[in-house]
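Below is one structure, written out as structure tokens; comments come after it.
What follows draws every value from the coordinates through simple rules; no lab data is involved. The shown structure was predicted, so the numbers you read here are calculated from the model rather than taken from an experiment. Using ideal geometry, Cβ is built from the backbone for each residue, glycine included, and neighbour counts are taken over all protein chains shown.
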Protein chains: 2
Amino acid sequence: MLCLEVRFNTYPRFVEFLIYLALTSLPNMKKTKRQVILDTAAKLFRKKGFAATSMRDLAKAVGMEAASLYNHIKSKQEILSALLLGAAQQYTDGMNNVKESAVTPLEKMDQLIALHISIAIQHPNTISLMTQEWVHLEGEPYDSFSSQRKAYENDFREIIIAGIEAGQLKKVNPDIALFSILSTMRWFYAWYSKKDGLSLKELEKEFSEVLIGGLKHKA
Amino acid sequence: MLCLEVRFNTYPRFVEFLIYLALTSLPNMKKTKRQVILDTAAKLFRKKGFAATSMRDLAKAVGMEAASLYNHIKSKQEILSALLLGAAQQYTDGMNNVKESAVTPLEKMDQLIALHISIAIQHPNTISLMTQEWVHLEGEPYDSFSSQRKAYENDFREIIIAGIEAGQLKKVNPDIALFSILSTMRWFYAWYSKKDGLSLKELEKEFSEVLIGGLKHKA
DNA sequence: CCTACCGATCGGTAGG
DNA sequence: CCTACCGATCGGTAGG
């Protein structure tokens, strides 16, 4: 007892440490802090890029020392892969829903445009990383991300081809049609913040008209 | 004379240095080497990003030591600004030509699509930097690049608006039409390398149809 | 063109 | 959660 009191007085920082350990052992508090770190990292990575953002930049932005970050995340790499694989999963899930729905290819394309707009509005910072920062992934997360992206593009292309074969779309080059839609949708996050005059429904309708209108037969 | 001979024998590396100085003082040789460095830098920056590419990486790729690079370029920053401002100038010049030509707004839009395709095929590595790596520019080059990009977008938007007012295009949202065309054209460099089955003329025609077709009145 | 080197900063660990 | 610290690497300079 005496011994403990002496230690506590001698090492006041050790007591703080014990209190910290007790508090953060509550699982949901730990999860919240991790999420704050991930969200802040997404914002910084978007602004400066993954490579140019240091762990000290990130620590400062969340209000702690760099070393403390490692109580919540394993490495800088893990932050990037958590962000990117989480986003990739959203697109994969969305595509799987669209594929299963019993509608025409043209309606599926409208649903996919809505999917892109919805995800980009929800997570603009993370989505901003999907176009270029994924090259900084390493090992298994890199392979997982790449294969999900490839699968998504193949699924989308097949829907366009189905639309052409069903006579709903003109006989355009499917790759060019796919590429036009995807590159526009992949940059939507960057454009959206400048324009807030349009509702979600209006956005979907306008983009569908501009991106798919040119593919339809003249009525 | 004796003195010189002694020095030359004592410092053989110094003789090599003098020979190097004499050779590289020929202005066009120096320009060539600088261009090799710039081209190689564009390739590396594209693959790994500006921040993640070290001057040692670059030196290795051009076959010299890092310190030697600085005989041809001032800094890592200067490489990036030389690449990006050179490319920006090409777009600005192209837009000025288009603006001056006495054709309809719709034909101007076709010319601009051809401009993007042409530049992207000529300098795919440098163009790849224009979408994201320009954020690493500092000071005056950053301002110059930003203002040229802004001016280009404004000029393009006015051509679209003129097309709508002339009755050539439907009354779509000009910003959405502009954004769709630009984001597709800005990613063209990344898509093109995968597809080499199409001629330049076919590419221009297909992209014009897909990107502008949806903006036209139904015939 | 090189060798030798600089101060600054990087991602991350030890340990309380 | 922090302080203290590590080896590695960064962009760039001096000087021949």
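For region A:65-78, indicate whether the set of residues that are hydrophobic (A, V, I, L, M, F, W, C) and more than 22 Å from A:LEU38 (Cβ to Cβ) is non-empty. Checked region A:65-78: no residue is hydrophobic (A, V, I, L, M, F, W, C) and more than 22 Å from A:LEU38 (Cβ to Cβ). So in region A:75-103, with the set limited to residues that are without any contact (Cβ under 8 Å) to a residue 60 or more places away in the chain, within 16 Å of DNA strand D (Cβ to nearest atom) and not aliphatic (A, V, I, L, M), which one is farthest from A:VAL135 (Cα to Cα)? If we take residues in region A:75-103 being without any contact (Cβ under 8 Å) to a residue 60 or more places away in the chain, within 16 Å of DNA strand D (Cβ to nearest atom) and not aliphatic (A, V, I, L, M), then A:SER75 is farthest from A:VAL135 (Cα to Cα). Scanning region B:181-209 for residues that are under 14 Å from A:TRP187 (Cβ atoms) and within 7 Å of chain A (Cβ to nearest Cβ) returns B:SER183, B:THR184, B:TRP187, B:TRP191. Number of residues in region B:56-91 that are within 14 Å of chain A (Cβ to nearest Cβ) and within 14 Å of DNA strand C (Cβ to nearest atom): the value is 1. Here B:LYS201 does not qualify as free of Cβ contacts under 8 Å to residues at least 40 places away in the same chain and within 25 Å of A:ILE113 (Cβ to Cβ).
In this entry, A:ILE212 passes the filter for residues that are at the interface with chain B (Cβ under 9 Å from one of its Cβ atoms), closer than 25 Å to B:HIS116 by Cα and over 24 Å from the mean Cα position of the chain (by Cα).
When B:LEU129, B:LEU106 are checked against the criterion of being within 14 Å of chain A (Cβ to nearest Cβ), within 30 Å of B:GLU202 (Cα to Cα) and within 16 Å of DNA strand D (Cβ to nearest atom), B:LEU129 stands alone in meeting it. Scanning region A:187-206 for residues that are among the acidic types (Asp, Glu) and under 24 Å from A:GLU107 (Cβ atoms) returns A:GLU202, A:GLU204, A:GLU206. If I ask for residues that are surrounded by fewer than 16 Cβ atoms within 10 Å (Cβ to Cβ), touching a residue at least 60 places away in the same chain (Cβ under 8 Å) and not hydrophobic (A, V, I, L, M, F, W, C), which ones from region A:104-131 would you list? Correct list: A:THR104, A:SER118.
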